[in-house]
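Take a look at the structure set out below.
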Amino acid sequence: MGIEYLEKEQLFRLTTPNTEYVIGITDGIYIGHVYYGKRLGDARCGYLMRTGEHPFTPAQKKREKCSFADTYPWEYSTWGVGDYRESSLNVRTESGYRGCELHYEGYQIIQGKPGLPGLPATFCGEGEQGGGQTLELYAQDPVTGLHVTLRYSVFEDSDALMRSVSCSNRGSQTLYLEKVLSACLDMDCGDWDTLTLHGSWAREHIMDRRELTLGKYLAASARGESGHQVQPFMAVLDRNADQEHGEVYGMHFVYSGNFMAMAEKTQFGALRMVMGINPEGFEWVLEPGADFDAPEVVCVYSDEGLGKMTRTLHDLYRNHLIRSPYLHQKRPILINNWEATYFDFNTEKLLQIAAEAKKRGIEMLVMDDGWFGKRSSDEGSLGDWVVNEEKLPGGLAYLADRLTEMGMKFGIWFEPEMISPDSDLYRKHPEWAVQHPGRELTQSRAQYILDLSRPEVVDYVYESVASILRSANISYVKWDMNRQFTDVGSLYLDGTHQGELFHRYVLGVYRLQERLTAEFPDLLLENCASGGARFDPGMLYYSPQIWCSDDTDAVERLAIQEGTALLYPLSTIGAHVSDCPNHAVGRNTPFQTRGYVALAGTFGYELDITKISPEDQAEVEKQVRLYHRYQPLMREGDYYRLASWKENGTWDCWEVVSKDRSEALVTLIQVLAEPNYHSRRLKIAGLEPDGTYELEGTGQVYSGRLLMYGGLLVERTWGDYTGTLLHFIKR
Ligand code: GLA
């Protein structure tokens with residue numbers, strides 16, 4: 001396990017417990033891709049690069065270099081020197097010449113994994129420097145003086161492979177980076193599909209699987225954030241692959257801004273996959289001596305379908321990305337007042353909600369949007385982070401103290417990256433908004449974006465949040481971001497640096513959250529962006545949970561959470577029980593079902609608990625008990641997708657099995673009832689085959705084998721939107 005250099009064969013071999021990645025050096029100059037897949041353990045694999053084949057090798061066949069460049073399996077593709085497939089790197093010189101060719105210079109194998117300056121990235125587990133290794137491959141372009149480091153890391157306990165790229169200008173002229181992606185993967189292509197997660201506001205992360213045909217398939221954001229519309233993720237998978245079978249190659253970007261992910265099937269039927277910062281609207285000025293670090297891409301290979309990719313990512317993020325002390329802790333059950341009151345609340349109303357919630361076992365009140373400035377609708381005040389004493393007489397301290405006396409924790413909402421045209425801040429600092437001089441600023445939700453490339457804006461934003469947190473006993477922050485970029489320009493950056501704004505903005509967000517988590521290490525931070533518009537691995541580095549969608553309807557959430565859980569552990573998925581008819585779709589679902597769906601996430605409430613029926617209030621108490629019982633399992637266990645109503649049209653089912661396989665919880669939601677059918681035969685996954693399991697509440701005992709291979713017969717329920725929990729305990 002680990003990384004080794006096979007000198008005779010000129011190969012680098014990176015191995016994880018079940019996978020192997022092999023890089024080869026051709027003619028001492030070119031860095032090529034040999035193999036990625038199941039463990040091979042055979043040093044003779046270099047021929048897989050096909051460098052001996054007619055007519056592509058200049059050194060051997062004396063043919064023109066161009067045919068070589070366009071077919072060689074590059075580890076990192078560059079623009080302008082004969083490789084006409086999708087490039088990963090393009091650079092312009094002072095004189096305006098474009099193009100780049102990388103020649104191998106050397107390597108280093110490092111124990112552990114160095115961080116990426118200013119960027120979120122995976123890390124080795126604590127105190128186990130030896131638990132990970134990093135390969136750095138050094139290359140340079142002899143013409144421009146651009147030096148490039150290709151970085152690959154593996155961890156002892158994970159089947160993921162982490163990649164990133166750094167550029168350094170060691171020449172004497174300024175270089176302009178027009179495109180710097182973070183990973184490129186050249187492989188043979190069979191009958192493959194692509195899988196991406198698409199959506200919109202209130203319907204994020206819906207799976208989209210399609211045939212990969214000749215040409216390019218792009219998933220990208222140029223909105224300034226990763227976005228609701230598509231997740232910074234792409235997988236290519238065998239056409240026959242399903243949850244448990246088939247080969248899958250996934251790439252996931254640890255970044256929160258513009259990105260591109262592309263799969264290209266080439267003229268020779270080969271596959272190139274690339275991922276990195278979207279080059280659209282991007283240019284980075286690299287002065288002599290300067291460096292640029294491109295963010296990290298996580299690659300996962302699975303030979304056991306999507307389920308194994310999912311579980312590899314879940315474990316990677318839990319063990320090597322999320323830093324919050326809450327990661328492995330039971331989080332307080334919260335009640336958020338957004339859907340309960342929207343902007344219409346005051347201290348008295350919040351305390352009424354809190355008092356009723358407390359009686360039912362809820363542990364924290366979260367005050368959402370509307371507590372500051374003159375904000376009584378979404379029309380103004382963003383940027384004026386001063387408590388509205390008309391709504392909250394005595395300020396936050398008074399409210400927080402009353403809650404503390406009650407035994408409730410207190411959380412608060414911010415949207416710190418924004419500025420309303422109708423705000424004291426905008427009247428004082430109109431130049432702080434992202435803008436293109438001469439062009440009318442486009443409003444979105446009646447707001448503009450603060451220019452976080454400007455250091456004093458980052459300081460202002462930080463102090464706005466931090467001074468509030470210092471002023472009262474606040475345990476939790478929901479950090480929101482509710483619009484996408486337009487009129488992309490900065491009055492701070494000069495003409496040559498405007499192309500840096502998008503990335504500098506994201507670096508500003510990271511700097512803010514880094515400072516926040518350093519000054520308030522005990523704060524529970526939940527990120528949010530109009531629901532899940534910035535649900536990405538970058539933000540998870542700072543917060544252990546992210547609000548997943550503004551759509552809280554239990555049925556809609558089945559598909560949204562299924563897509564989210566394809567990549568992210570359940571412990572990260574913000575999920576609440578809300579009122580019916582649901583505010584997003586008007587649907588009525590049983591209170592119990594809403595609870596079962598929210599249990600597969602962080603769990604909390606978002607309704608006026610003083611107004612719901614006594615039956616529903618009693619149900620809250622039951623759900624609170626379920627939460628305390630099952631949270632550790634949901635948070636730490638292995639997730640299996642057993643059925644998807646998006647695919648089958650009638651029912652949904654997922655399972656979480658503890659790591660030691662001593663218990664499993666299956667949640668089954670019958671979305672639509674059907675008449676005159678047999679019971680369902682449900683195969684329970686991930687158990688100990690020789691173990692004996694009792695289905696709680698029935699006295700029935702089964703072998704693991706019987707449950708896994710034979711299955712359990714589950715009666716159909718009466719009515720739509722009904723839910724069933726099946727808890728298996730090993731005896
Ligand atoms: C966004 C969030 C919601 C809520 C509102 C408040 O839409 O996703 O949960 O906080 O903002 O304005």
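The values are calculated or read from the model by the stated rules, or taken from the named source; none is laboratory data. Given the structure is predicted, the values throughout are model-derived calculations rather than measurements. Because the Cβ atoms are built from the backbone with ideal geometry, glycine has one as well, and the counts that use them run over all protein chains shown.
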Could you please give the count of residues in segment 573-590 that are touching a strand residue (DSSP E or B) at 6+ places or on another chain (Cβ under 7 Å) and more than 16 Å from the ligand (Cβ to nearest atom)? 1
Looking at segment 407-442 only, could you name the residues that are more than 16 Å from the ligand (Cβ to nearest atom), charged (D, E, K, R) and not in a helix (DSSP H, G or I)? Lys409, Arg439, Glu440
For segment 691-731, which residues satisfy the criterion of being under 15 Å from Arg681 (Cα atoms), surrounded by fewer than 15 Cβ atoms within 10 Å (Cβ to Cβ) and not charged (D, E, K, R)? Tyr709, Gly710, Gly711, Leu713
Residue by residue through segment 18-42, note down the ones that are of a type outside the set (S, T, N, Q), touching a strand residue (DSSP E or B) at 6+ places or on another chain (Cβ under 9 Å), under 22 Å from Ser302 (Cα atoms) and not in a strand (DSSP E or B). Arg39, Leu40, Gly41
I'd like the full set of residues that are within 24 Å of Asn388 (Cβ to Cβ) and not in a loop (DSSP other than H, G, I, E, B), limited to segment 353-370. Ile353, Ala354, Ala355, Glu356, Ala357, Met364, Leu365, Val366, Met367
What number of residues within segment 516-535 are crowded, with 17+ Cβ neighbours inside 10 Å, of a type outside the set (Gly, Ala, Ser) and touching a helix residue (DSSP H, G or I) at 6+ places or on another chain (Cβ under 9 Å)? 7
Could you tell me which of the residues Glu204, Glu128 is of a type outside the set (Lys, Arg), modelled with pLDDT under 95 and over 30 Å from Gly269 (Cβ atoms)? Glu128
Would you confirm whether any residue within segment 360-371 is under 30 Å from the mean Cα position of the chain (by Cα), within 16 Å of the ligand (Cβ to nearest atom), in contact (Cβ under 8 Å) with a residue 40 or more places away in the chain and farther than 28 Å from Ser423 by Cβ? yes
Of all residues being charged (D, E, K, R) and in contact with a helix residue (DSSP H, G or I) (Cβ under 7 Å, 6 or more places away or on another chain) in segment 648-678, which is surrounded by the most Cβ atoms within 10 Å (Cβ to Cβ)? Just the residue, please. Asp652
Single unsatisfied condition, Arg85 versus (1) closer than 28 Å to Gln267 by Cβ; (2) among the basic types (Lys, Arg); (3) over 32 Å from the mean Cα position of the chain (by Cα): (3)
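Per-residue answers, yes or no, for (1) crowded, with 17+ Cβ neighbours inside 10 Å; (2) in contact (Cβ under 8 Å) with a residue 24 or more places away in the chain; (3) within 20 Å of Glu75 (Cα to Cα); (4) small (Gly, Ala, Ser):
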{"position": "Glu105", "(1), (2), (3), (4)": "no, yes, yes, no"}
{"position": "Gly115", "(1), (2), (3), (4)": "no, no, no, yes"}
{"position": "Pro120", "(1), (2), (3), (4)": "yes, yes, no, no"}
{"position": "Leu135", "(1), (2), (3), (4)": "yes, yes, yes, no"}
{"position": "Glu156", "(1), (2), (3), (4)": "no, yes, no, no"}
{"position": "Cys167", "(1), (2), (3), (4)": "yes, yes, yes, no"}
{"position": "Gly171", "(1), (2), (3), (4)": "yes, yes, no, yes"}
Which condition from (1) assigned to a loop (DSSP other than H, G, I, E, B); (2) within 16 Å of the ligand (Cβ to nearest atom) is the one that Pro393 breaks? (2)
Residues that are in contact with a Ser or Thr (Cβ under 9 Å, 6 or more places away or on another chain) and under 23 Å from Phe282 (Cα atoms): list the strands (runs of 3 or more DSSP E) wholly contained in segment 132-179 that include at least 3 such residues. 146-155, 160-169
Of these, Arg402, Arg483, which one is in contact with a helix residue (DSSP H, G or I) (Cβ under 9 Å, 6 or more places away or on another chain), among the basic types (Lys, Arg), more than 25 Å from Pro325 (Cβ to Cβ) and buried (at least 17 other Cβ atoms within 10 Å of the Cβ)? Arg402
Only listed residue being among the small types (Gly, Ala, Ser), more than 16 Å from the ligand (Cβ to nearest atom) and part of a loop (DSSP other than H, G, I, E, B), chosen from Ser453, Ser464, Ser549: Ser453
Residues that are under 17 Å from the mean Cα position of the chain (by Cα), assigned to a loop (DSSP other than H, G, I, E, B), away from the ligand (no atom under 16 Å from the Cβ) and crowded, with 22+ Cβ neighbours inside 10 Å: does segment 501-514 have at least one? no
Residue that is nearest to the ligand (Cβ to nearest atom), among those in segment 313-352 that are part of a helix (DSSP H, G or I) and either of a type in the set (S, T, N, Q) or over 24 Å from Ile573 (Cβ atoms) (or both): Thr341
